[in-house]
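Q: Supplied in structure tokens, the structure appears directly below.
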Amino acid sequence: MTEDLADLYQELILDHSKSPRNFRAIPQCQRVAQGDNPICGDNYTVYVVLDGGVIRDMAFQGSGCAISKASASLMTEALKGKSIASAEALFGRVREMITQGHGDGSLEKLSALAGVHQFPARVKCAILPWHAAMAAMHGKEECVTTESEE
Amino acid sequence: MVENWNEIRHDFPALHQLVHGHPLVYLDNAATTQKPNIVLETLLHYYRHDNANVHRGIHELSNRATTAYEAARVRAVRFIHARESSEIIFTRGTTEGINLVAASWGMSHVKKGDEILLTEMEHHSNLVPWQLLAERTGAKLVFLPVTGGDEGLLDVDRLDSLLFRRVKLFAMVHISNSLGTVNPVSWLCERARKAGVVTLVDAAQSAGHLPLDVQQIGCDFLVFSGHKLCGPTGIGVLYGRQELLNEMPPYQGGGDMILSVDYAASRYKSAPHRFEAGTPDISGAIGLHAAFDYLDEVGRDRIWEHDQLLAACAHHGLKDKKGIRVFGPHAGRAGVVSFMVEGVHSHDVVTVADQKGVALRGGHHCTQPLFHKLGVESTARASFYFYNTEEDVDRLIEVIDEVQRFFS
């Protein structure tokens with residue numbers, strides 16, 4: 001296995017893609033958004049339960065590649081209990097790590113996504129569930145897609 | 001024989017490189033093919049020596065460019081056995097060819113309540129233009145079903161009952177880019193002709209892979225792209241039967257397609273120039289000419305045999321593996337093999353293969369409705385051309401082994 005591949009598909013990524021955490025629907029959830037990558041067919045629904053500006057619960061469902069699924073799974077773990085503002089700040093740092101390659105130790109488990117940087121075609125996969133989560137938090141109903149942001 | 005195919009690889013400079021430290025195995029030929037030296041040299045020679053605009057100038061270079069551009073049209077006639085050069089329209093590619101027919105022939109012949117017949121295995125480029133036409137005219141799309149489960153064959157028994165309704169046009173793919181199915185286009189066109197239905201054949205995946213004869217197929221329109229048959233990107237051919245082309249209104253307006261222009265109205269040239277507004281892709285057409293010559297020197301009958309051999313090897317190698325689901329016909333398939341690795345998304349398959357130098361395509365291959373029908377989101381696809389070898393198939397099988405081990 002090449003070094004880059006091992007960086008991309010770290011143990012943690014493979015684990016979360018095979019056994020995603022918080023992989024369920026939240027019935028009657030008010031904050032729901034879809035994330036869609038029309039080019040590769042990745043499609044996720046992200047559910048967010050807010051309580052006074054704090055994320056009480058977060059879950060997702062859908063299908064896609066190992067990278068997008070692991071990213072969604074790690075995201076739900078990382079964002080639970082965070083305020084909207086700190087969730088947004090964290091997304092900013094994750095995005096910087098995925099697109100530019102420099103993460104810092106403070107991202108903990110999420111730093112497993114740093115290897116995506118070596119694979120430009122896969123950056124969208126990693127970021128898609130985060131966009132959907134941000135849209136859900138802000139009560140945007142429309143489907144977010146990887147194809148509108150280029 | 002095999003020595004010959006290996007020798008042919010020397011004609012393609014892009015094949016000889018390392019990708020992520022491994023010799024490139026290029027198996028994405030259904031998306032686009034690599035270009036032989038002769039095509040590259042022809043493009044360079046044109047720009048270095050003959051570059052000028054066509055049909056406008058009286059000067060020497062313009063004459064040369066015009067002569068070469070029109071010679072490409074004459075060569076295209078021979079490539080698909082059209083009757084004359086007025087039946088060959090240069091387009092940007094298959095997609096533009098279909099859009100041209102939908103906009104020009106479609107808007108002048110299709111009315112509210114009419115039907116347009118397609119197959120369920122069309123590429124988006126032979127579906128969306130007809131959806132647009134249906135929206136604009138109030139016509140309806142009807143579909144010849146795909147049957148046979150993962151084999152993906154046309155349910156030809158249903159054809160007659162669909163044709164004898166209000167169908168005006170039947171547009172069909174010759175070779176499916178996602179399944180490798182080869183459709184019996186001559187037979188389909190014959191049935192359509194008996195029902196008085198106009199036909200369009202999408203030959204994007206077939207024109208560079210097997211001998212093509214539009215008169216034998218009996219279609220009214222046929223479209224293909226140059227870049228899928230060793231030619232440059234940005235050039236393609238629309239063949240139209242002369243009787244139809246001559247009564248069709250222009251597609252785009254502009255220079256080069258007019259006889260005379262007044263502030264209020266204009267008179268248009270006849271086909272093919274009526275449909276080529278503006279400066280065309282001159283170098284593209286000239287490069288395409290070189291590609292036609294090159295392919296016919298290799299021999300499309302031999303290319304077809306080689307395609308089928310490689311496809312059979314790949315199909316055989318993959319279908320016997322545990323955890324692999326292979327799509328497309330069991331026999332008589334084109335050089336396209338789509339498959340799924342159980343538990344692994346196609347993009348992960350493609351990423352791992354790429355790291356080993358094997359170029360595959362992953363996704364829905366622009367046939368989303370077909371994949372919905374098959375209950376599949378995406379597949380990995382290996383597609384072959386004559387410069388691929390049995391060793392390439394071995395590398396494919398090896399890399400799929402690695403994918404399975406890695407994600408197990």
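Q: Enter the Cα centre distance for the pair segment B:289-355 and segment B:23-91, rounded to the nearest angstrom.
A: Between the Cα centres of segment B:289-355 and segment B:23-91 lies a distance of 28 Å.
Q: Among DSSP bridges having both ends in chain B, what percentage is antiparallel? Round to the nearest 5.
A: 60
Q: Right, something else. When the dipole is taken about the Cα centre of segment B:41-297, and only Lys, Arg (+1) and Asp, Glu (-1) are charged at their Cβ, what size is it in debye, to the nearest 20?
A: Roughly 740 debye for segment B:41-297.
Q: If you don't mind, there's one more thing I want to ask. Between segment B:360-399 and segment B:199-237, how far is it from one alpha carbon centroid to the other, in angstrom?
A: Each part reduced to its Cα centre gives a spacing of 21 Å.
Q: Using just the helices of chain B, give the 222 nm mean residue ellipticity in deg cm²/dmol: DSSP H runs with n ≥ 4 each add -39,500 (n - 2.57), and the total is spread over all residues, rounded to 500.
A: -11000 deg cm²/dmol
Q: Okay, next question. Under a 5 Å amide H to amide H cut-off, with H placed in plane at 1.01 Å, what residues pair with B:GLY236 once short-range neighbours are removed?
A: Counting only residues 5 or more places away or on other chains, the set is B:THR91, B:ARG92, B:GLY93, B:GLY226.
Q: In segment A:3-138, if the dipole is taken from +1 on Lys/Arg beta carbons and -1 on Asp/Glu beta carbons about the Cα centre, which of A:TYR9, A:MET134, A:PRO27 is farthest to the positive end?
A: Farthest towards the positive pole: A:PRO27.
Q: Right, here's the next one. State the extension gain, in nm to one decimal, for the chain segment bounded by B:GLU297 and B:LYS319, taking 0.36 nm per residue of separation less the distance between their alpha-carbons.
A: 4.5 nm
Q: Under the rule of -39500 (n - 2.57) per DSSP H run of 4 or more residues, summed and divided by the residues of chain A, what mean residue ellipticity at 222 nm is obtained, to the nearest 500 deg cm²/dmol?
A: Here the helix-only value at 222 nm equals -12500 deg cm²/dmol.
Q: What accessible surface, in Å², does a 1.4 Å probe find on B:VAL182, ignoring ligands, DNA and RNA and rounding to the nearest 10?
A: 50
Q: What does the charge add up to near B:ASP50, with Lys and Arg as +1, Asp and Glu as -1, over the other residues with Cβ less than 10 Å from its Cβ?
A: +1
Q: According to the Kirkwood expression over distinct Cα-Cα pairs, how big is the hydrodynamic radius of segment B:259-316, in Å?
A: For segment B:259-316, the Kirkwood estimate is 15.5 Å.
Q: So, one more: For the protein assembly as shown, what proportion of DSSP beta bridges, expressed in % and rounded to the nearest 5, is antiparallel?
A: Roughly 65 percent of the DSSP beta bridges within the protein assembly as shown come out antiparallel.
Q: Taking 45 Å as R0, compute the FRET efficiency from the Cβ-Cβ separation of B:TYR263 and B:GLU151 and round it to 0.05.
A: 0.15
Q: Cα convex hull of segment A:3-138: how many Å³ per residue?
A: 93
Q: List every residue whose amide H lies under 5 Å from the amide H of B:LEU141, counting only residues 5 or more places away in sequence or on a different chain, with H placed 1.01 Å from N in the peptide plane.
A: Result for B:LEU141 returns B:ILE116.
Q: Something else: Enumerate the calculated ³J(HN,Hα) couplings along segment B:364-375 in order (Karplus 6.51 cos²θ - 1.76 cosθ + 1.60, θ = phi - 60°), each rounded to whole Hz, writing x wherever the residue is Gly or Pro.
A: Couplings: 9, 6, 6, 10, 4, x, 5, 5, 4, 5, 7, x Hz.
Q: Averaging over all projection directions, find the projected area of the Cα convex hull of segment B:1-160 and quote it in nm² with one decimal place.
A: 16.0
Q: May I have the convex hull volume per residue, in Å³, for the Cα set of segment A:13-82?
A: 77
Q: Can you compute the FRET efficiency between B:GLU84 and B:ASN37 using 1/(1 + (r/R0)^6), with r the Cβ-Cβ distance and R0 = 30 Å? Round to the nearest 0.05.
A: Using R0 = 30 Å, I get an efficiency of 0.45.
Q: With the cut-off at 44 Å, report for the protein assembly as shown the share of all Cα pairs above it, as a whole percent.
A: Percentage above 44 Å: 26.
Q: Moving to a separate point now. Using a 10 Å cut-off around each Cβ of peptide B:347-358, what is the average number of partner chain Cβ atoms that fall inside?
A: 5
Q: Using only protein heavy atoms and a 1.4 Å probe, report how much of B:CYS366 is accessible, in Å² to the nearest 10.
A: B:CYS366 has an accessible surface of roughly 40 Å² with all protein chains in place.
Q: For chain A, what is the relative contact order in percent, using Cα pairs closer than 8 Å and at least 6 residues apart in sequence?
A: Once divided by the residue count of chain A, the mean separation gives 31 percent.
Q: If you keep only loop residues by DSSP, which trypsin sites (Lys or Arg not before Pro) in segment B:319-396 have at most 12 other Cβ atoms within 10 Å of their Cβ?
A: B:LYS322
Q: Something else about it: State which entries of B:LYS194/B:LYS228; B:LYS112/B:LYS228; B:LYS319/B:LYS356; B:LYS228/B:LYS322; B:LYS111/B:LYS269; B:LYS194/B:LYS269 exceed 24 angstrom in Cα-Cα distance in the structure shown.
A: B:LYS194/B:LYS228; B:LYS112/B:LYS228; B:LYS228/B:LYS322; B:LYS111/B:LYS269; B:LYS194/B:LYS269
Q: For chain B, compute Rh as the Kirkwood radius over C-alpha pairs and then the Stokes-Einstein diffusion coefficient at 4 °C and 1.567 mPa s; write the answer in µm²/s, rounded to an integer.
A: It comes out at roughly 58 µm²/s.
Q: Excluding residues on the same chain fewer than 8 positions from A:LYS80, give the lysines whose Cα lies under 24 Å from its Cα.
A: A:LYS18, A:LYS69, A:LYS109, A:LYS124, A:LYS140
Q: Please turn the phi angles of segment B:207-214 into ³J(HN,Hα) values with the Karplus equation 6.51 cos²θ - 1.76 cosθ + 1.60 (θ = phi - 60°), one per residue in order, whole Hz, x for glycine and proline.
A: Karplus values, whole Hz, x for Gly and Pro: 4, x, 10, 8, x, 10, 9, 5.
Q: Mark the label point 7 Å from the Cα of B:ASN53 along Cα→Cβ and return the residues of segment B:262-286 whose backbone N is within less than 14 Å of it.
A: Residues B:277-282 qualify, since their backbone N sits under 14 Å from the label point.
Q: What net charge do the residues around B:LEU154 carry, taking every other residue with its C-beta under 12 Å from that of B:LEU154, with Lys and Arg at +1 and Asp and Glu at -1?
A: Spelling it out: positives minus negatives among the neighbours equals -3.
Q: Could you calculate the FRET efficiency of B:HIS22 with A:ALA89 from 1/(1 + (r/R0)^6), where r is the beta carbon distance between them and R0 is 51 Å, rounded to 0.05?
A: That pair, B:HIS22 with A:ALA89, gives E of 0.80.
Q: What is the gain in length, in nm to one decimal, between A:GLN100 and A:ASP4 on full extension, counting 0.36 nm per residue of separation less the C-alpha to C-alpha distance?
A: Taking 0.36 nm per residue and subtracting the Cα distance, the gain is 33.0 nm.
Q: Return the distance in nm (one decimal) between the two label points of a simple spin-label model at A:LYS140 and B:GLN252, each offset 7 Å from Cα along Cα→Cβ.
A: With each label point 7 Å from Cα toward Cβ, the separation is 3.3 nm.
Q: Taking GluC sites (Glu not before Pro) that fall in a DSSP loop and have at most 13 other Cβ atoms within 10 Å as cut points, what is the longest piece of chain B between them?
A: Formally, the longest exposed-site-free interval is B:85-246.
Q: State whether segment B:120-258 is rounded, prolate or oblate according to the following rule on the C-alpha gyration tensor (a ≥ b ≥ c being the square roots of its eigenvalues): a/c under 1.5 gives rounded; otherwise a/b larger than b/c gives prolate, and the remaining case gives oblate.
A: Here segment B:120-258 falls in the oblate category.
Q: Moving on to the next point. Determine the relative contact order of chain B: mean sequence separation of Cα pairs under 8 Å and six or more apart, normalised by residue count, in whole percent.
A: So the answer I get is 22 percent.
Q: If you line up the Cα atoms of segment B:209-280 on their principal axes, what length do they span on each, largest first, in Å?
A: In descending order, the Cα extents are 48, 28, 12 Å.
Q: How large is ³J(HN,Hα) for each residue in segment A:62-71, as worked out from phi by the Karplus curve 6.51 cos²θ - 1.76 cosθ + 1.60 (θ = phi - 60°), to whole Hz, x for Gly and Pro?
A: x, 9, x, 6, 4, 5, 5, 5, 5, 4
The values are calculated or read from the model by the stated rules, or taken from the named source; none is laboratory data. In this text the structure is predicted, and so the values were computed from the model without any measurement. Note that each Cβ is placed from the backbone with ideal geometry, even for glycine, and that neighbours are counted across all protein chains shown. Surface areas here come from the heavy atoms of the whole protein model, side chains and all, with no ligands, DNA or RNA. Shrake-Rupley method; radii C 1.70, N 1.55, O 1.52, S 1.80 Å.
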